[in-house]
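Notes follow the structure.
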Amino acid sequence: MLLATCAFRRSPAASALQRAASLAAPRTRPDGPPPIARFFSSADPTEDTVDTAPPPTDPPPPAHQPQPNWLSTVSLRPAEVVAELNRHIVGQSSAKRAVAIAMRNRWRRRQLPPHLLKEVTPRNVLMIGPTGCGKTEVARRMAGLSDAPFLKVEATKFTEVGYHGRDVDQIVRDLMDVSMVLTKKRQMERLRGEARDMVEERILDVLIGPEGSVAASGASHGNKSQRESFRGMLRDGLLENQEIDLDVPENMGQAAAGKDGEGAVFAFGGDSTGINMQAVSEMMRKLGGAAGQRRGPPTERKRMAISEAREIILEIELEKLLEKVDLKKEAIAAAEESGIVFIDEIDKICSSRDYNSRSADASAEGVQRDLLPLVEGTTINTKYGNVNTDYMLFIASGAFHAVKPSDMLPELQGRLPIRVELNGLTEEDLYKILTEPEANLVRQQIELIKTEGVSLSFEDDAIREIAKTAAQLNRTVENIGARRLHTVMERIMEEISFQAAEMENGAEVVVTKKLVKDRLSDVLTTSDLSKYIL
């Protein structure tokens, strides 16, 4: 059995220069700028050209403003964004259009000449509508449409500066964490092909020694013919069960946030008040070993099959390649130029302007005052560097049941110029929610019961009755919008879900209108009396 030891060393200078040259070469656009200078750099203005034959999707960017690769998904046209949102959200066309235009304007701004680029700021959006009408769902689906850094926060989680709790600056710090993860993911996908080629060479080095080496017996094991022979067996899968010894970093799989300075040392977990003690101890251990002879992270030797070692070696090689990329600079640029922050429940930090309703809540007007410079544009200090918020897009939403949008600070109202009102859900809207979205509640219940080998179906009259009952409960008890459908559906499915595991394989269950009425009769009867019970 062939056994060897893998001690990953730097490649010779020639191969290092060759890999550096390959990294500097453009990959996706042969006629575009190299990745090193592609982020928000102004090229020679004399090279400004305009293409007269645009491609069918989007016009090409001007030559004076190179396009980062990660902005490709932000260039979705408004009609495409609305069509994608229609797959999951019923109605609320005005909110969808406003969001689609805001996302498209992010791309349009990147097409402007440099002297106008700095002058155009995003138009922040305020969505107003009752609870359960789809405000948060719009934000959640937005995050899936764009590779740009996206963060959703609850306004009630922040307190005024000077009080114990999280201040609003933490929003930008959390957004930078998201941007760093996305940036590292993009770079790893870009470098994965090169790393896979290096993995094969490292495994061959473990099996027969580095290329050109000579064994102790004097026989040459690094010649080209033998190396190619082992390469063929490796590609054919004949050596997958061969065990080798690897020097694996001790913290592999734990420091998922990246290298030092990218979240592995100070991983606050999104809260500045709670320090990750494991990260602190890791930093102290590294500082304690800094005076020793060993450089780099500590390693431990493990024996494993080649099939298991391949992914570990790939991860190690990717980390080596990422050392040549300035992830911090790229992540900061992505957050500043395309970052989107969704602030939910902003009405909960507002108080009525009546003199008898003012309170000393640490999460009220003080948070609004702290949000003013953040939304207008300021510089926040993060562990990755200073981040400017001038060109970040802020989308706020709130139900505004007890207060009005005019109860917000006038300065904050001015920083949210685009207002979109979402309508309450009617009985017909609730029926569409049950049937039209791809992952609607009816389909979810059918697929869940199918795992037990039971075929479940809903009659159309039954679905209509469910929507009618949910709308009636919203009118008589409390209007919680589409969330009422979850309550009604679970009440109907309670008995079926309990007995499905005991049914025979292939059994069929049909939910009829009569079944729906029987299951919900007691709910409708006691709903009027529940409000009077102490």
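Taken over the alpha carbons of segment 109-205 as equal point scatterers, the Debye sum produces base-10 log I(q)/I(0) values at 0.13, 0.16, 0.19 Å⁻¹ of -0.79, -1.00, -1.17. Computed from the alpha carbon atoms alone, the convex hull of segment 416-534 holds 146 Å³ per residue.
Surface analysis of segment 377-534 yields an accessible area of 56 Å² per residue, using protein heavy atoms and a 1.4 Å probe. Across every pair of non-identical alpha carbons in segment 75-164, the mean reciprocal distance, once inverted, gives a Kirkwood radius of 15.0 Å. In this view, the solvent-accessible surface of residue 433, computed with a 1.4 Å probe and all protein chains in place, comes to about 40 Å².
Among the lysines of segment 419-530, pairs that are 8 or more positions apart or on different chains and have alpha carbons within less than 14 Å of each other number 4. Placing 233, 176 in order of accessible area, with the largest value first and a 1.4 Å probe, yields 233, 176. The lysines whose alpha-carbon is closer than 23 Å to the alpha-carbon of residue 224, local same-chain residues fewer than 8 away aside, do not include any residue. In the complete set of protein chains, residue-level accessible area for residue 401 is approximately 130 Å², probe 1.4 angstrom. By a 1.4 Å probe calculation restricted to protein chains, residue 120 has an accessible surface near 50 Å², given to the nearest 10. Is the shape of segment 413-468 best called rounded, prolate or oblate, per the rule: a/c under 1.5 gives rounded, else a/b larger than b/c gives prolate, else oblate, with a ≥ b ≥ c the square roots of the Cα gyration tensor eigenvalues? It comes out oblate by the Cα gyration axes. Building the convex hull from the alpha-carbon atoms of segment 337-486 and averaging its projection over directions returns 14.1 nm². Among 378, 451, the order of accessible area from largest down is 451, 378, computed with a 1.4 Å probe on protein heavy atoms.
With a cut-off of at most 15 other beta carbons within 10 Å, and DSSP calling the residue loop, which chymotrypsin sites (Phe, Trp or Tyr not before Pro) in segment 123-193 qualify? Please list them. In loop regions of segment 123-193 (DSSP not H, G, I, E or B), the sparsely surrounded chymotrypsin sites (Phe, Trp or Tyr not before Pro) are 163.
Using heavy-atom solvent-accessible surface (probe 1.4 Å) with all chains present, what is the largest-first order of 205, 197?
197, 205
Partner lysines whose Cα lies under 16 Å from the Cα of residue 329, excluding those fewer than 8 positions away in the same chain, are identified as 184, 185, 259, 383.
The values are calculated or read from the model by the stated rules, or taken from the named source; none is laboratory data. Quick caveat: nothing in here was measured; it's all calculated off a predicted structure. With ideal geometry, Cβ positions are generated from the backbone for all residues, glycine too; neighbour counts draw on all protein chains shown. We work out accessible area using only protein heavy atoms, side chains counted, and drop any ligands, DNA or RNA first. Shrake-Rupley method; radii C 1.70, N 1.55, O 1.52, S 1.80 Å.
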